[in-house]
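One structure below.
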Amino acid sequence: MHEPATPHLATTDPQVAELVSAEARRQFEKIRLIASENYVSTSVLEATGTVLTNKYSEGYAGKRYYEGQQVVDPLELLAIGRAKALFGVDHANVQPYSGSPANLAVYLAFAEPGDTIMGMALPAGGHLTHCWSVSATGKWFRSVQYGVRKDTGRIDLDEARDIALRERPKLIFCGGTAIPRTIDFPAFAEIAREAGALLVADIAHIAGLIAGGAHPSPVGHAPVITTTTHKTLRGPRGAMLLSDAEHAKPLDKAVFPGLQGGPHNHTTAAIAVALGEASTPAFQDYAHAIVANAKALAEALTERGYELVSGGTDNHLILVDLTNKGIAGKPAAKALDRAGIELNYNTVPFDPRKPFDPSGIRLGTPAITTRGLGVADMPKLAEWMDRAITAGDGGDEAALDTVAAEIRELLAGYPMPGWA
Ligand SMILES: Cc1ncc(COP(=O)(O)O)c(C=O)c1O
């Protein structure tokens, strides 16, 4: 049933083959609303599973510490060239293993342990690696954090400016992991300029939207940009650092030899493929469809009495505060999963509950848009969510089964890349 097939794995290690198969079926039968996930194309899957995984390539093209780079050098240069063209930047490094090490490379390149770093607080929507206390970044650097306004749920730029001018951070991170609204890169650039800080835009969540023209670009505002490649950008698990010419060398040195050894060449190949796909008109349509779906889903949930942080969305992501529904985020997420709708529980800004048992759920539309669901499907999805949350609250297992069956029936008509 697999495409590409895994006949060798099925023979040599049926235990693993069966688990891979089970995961494929799970992804096929679920409405996947985790905002940071997607379905990559079969071409990206193929590139990931190649002999490139056999090769060590410490260093950069033309300056490696191992021989035999006749193929890897042009491959990495191809990925770099595509990244530079797609995002319109002077420099790209495609070697970071994932988003967290990419962000760590920025600290290593431009700050010293103990320096003051400003990021968005985790409970407000920032990422751990933006100097949150439990992260290595929060332990090794002095953290100052901005949040969102209580009345609007949107980033508090006045607070960010006040903190920046008072604390004079070395770096300012903008971007995050649970931000449903457009990030005002010019405003952050102005704050960084006034405070004498280096602005770093972490576009992990919205890179695909930026590539597809559905979110403004930080290029020209943030000299340093970090991103994962596996969320809206729809590539393999990986990351990139993008920058102007001035900041290129320190970033490269920070990735290798500063933090990492050999790049994952099979991932580099798959990043190149994903960047090629993201350069097409079809991807522009995809990026806009993600946002249209999110807006339609936000509207349908609002009509059913759900309270959305900031009142809606501008991008791929919706944050729901379930307080008025009398159910916490975790039991709601578990009930939804039982009913065939996969998402994650999440803190909401000013959440009175604990992070492991918060008030909200976070959802996003990148994966369902790849699957082919459209705006017309969103009211039905909101209805399923509502039925599942109500059933979960009442312990009605039969109702959860019914929703899951209805979802399986719908999704049977929407093919999944990599699974036939
Ligand atoms: C904004 C942001 N930055 C960085 C990361 C870290 O990426 P990774 O999980 O690949 O380390 C994430 C992951 O969710 C993220 O949302």
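The values are calculated or read from the model by the stated rules, or taken from the named source; none is laboratory data. Note that the structure is predicted; figures quoted are calculated from it, not measured. Here the Cβ is made from the backbone with ideal geometry for all residues, glycine too, and neighbour counts use every protein chain on show. Keep in mind that these areas ignore ligands, DNA and RNA; they rest on the heavy atoms of the full protein, side chains included. Shrake-Rupley method; radii C 1.70, N 1.55, O 1.52, S 1.80 Å.
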Item checked: Diffusion constant of the chain at 37 °C, which comes from Stokes-Einstein with the Kirkwood Cα-pair radius and 0.692 mPa s, µm²/s -> 148 µm²/s
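For segment 1-84, count all C-alpha to C-alpha pairs, find those more than 17 Å apart, and express that count as a whole percent of the total.
More than 17 Å apart: 65 percent of the Cα pairs in segment 1-84.
Name the longest site-free stretch of the chain, where the excluded sites are chymotrypsin sites (Phe, Trp or Tyr not before Pro) in a DSSP loop with no more than 14 other beta-carbon atoms within 10 Å.
In short, 67-349.
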Check: How much of the DSSP beta bridge set in the chain is antiparallel, as a percent to the nearest 5?
Finding: 60 percent
Note to self: Show me the GluC sites (Glu not before Pro) within segment 16-86 that DSSP assigns to loop and that have at most 14 other Cβ atoms within 10 Å of their Cβ.
What the structure shows: 67
Item checked: Principal axes of segment 356-415: Cα extent on each, largest first, Å -> 32, 26, 19
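Rounded to the nearest percent, how much of the accessible area of segment 81-166 (1.4 Å probe, protein heavy atoms only) is carbon and sulfur?
On the way: 1950 of 3690 Å².
Here it works out to 53 percent.
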Checklist line | Around residue 390: net Lys/Arg minus Asp/Glu count, Cβ-Cβ under 12 Å | finding: -1
Notebook entry, point to check: At a probe radius of 1.4 Å, what is the per-residue accessible area of residue 354, in Å² to the nearest 10?
Noted result: 150 Å²
Check: Within the set 84/334; 139/231; 30/325, which residue pairs have Cα atoms separated by over 30 Å?
Finding: 84/334
Check: Largest first, how would 133, 21 line up by accessible area (1.4 Å probe)?
Finding: 133, 21
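Given the convex hull over the Cα atoms of segment 171-221, what projected area results after averaging over all orientations, in nm²? All intermediate terms of the calculation are to be shown ahead of the outcome.
Values: hull surface 13.4 nm².
That works out to 3.4 nm².
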Next item on the list: Could you tell me the convex hull volume per residue, in Å³, taken over the Cα atoms of segment 57-175?
Entry: 134 Å³
Notebook entry, point to check: For the chain, what are the DSSP H helices with axial Cα length of 30 Å or more and mean Kyte-Doolittle hydropathy of at least -0.5?
Noted result: 281-303
Next item on the list: For segment 326-395, list log₁₀ I(q)/I(0) at each q in 0.14, 0.22, 0.25, 0.26 Å⁻¹, using the Debye formula over Cα point scatterers of equal strength and ignoring solvent, two decimals each.
Entry: -0.45, -0.97, -1.11, -1.15
Check: Given 20 °C and 1.002 mPa s, how large is the Stokes-Einstein diffusion coefficient of segment 287-411 in µm²/s, with Rh as the Kirkwood radius over Cα pairs?
Finding: 149 µm²/s
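Around residue 304, with a cut-off of 11 angstrom between Cβ atoms, what is the net charge of the other residues, counting Lys and Arg +1 and Asp and Glu -1? Intermediate values should be presented prior to the final figure.
Numbers: positive: 325, 387; negative: 299, 303, 307, 383, 386.
Local charge sum for residue 304: -3.
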Note to self: Considering just Cα atoms, how many Å³ per residue does the convex hull of segment 191-324 enclose?
What the structure shows: 151 Å³
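So what is the relative contact order for the chain, in percent, with contacts set as C-alpha pairs under 8 Å and at least six apart? Numbers along the way, then the final one.
Values: 882 pairs, mean separation 95.0, N = 420.
Result for the chain is 23 percent.
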Next item on the list: Would you check the accessible area of residue 288, probe 1.4 Å, heavy atoms only, in square angstrom rounded to 10?
Entry: 90 Å²
Notebook entry, point to check: Cα extents of segment 48-278 along the three principal axes, largest first, in whole Å?
Noted result: 56, 36, 29
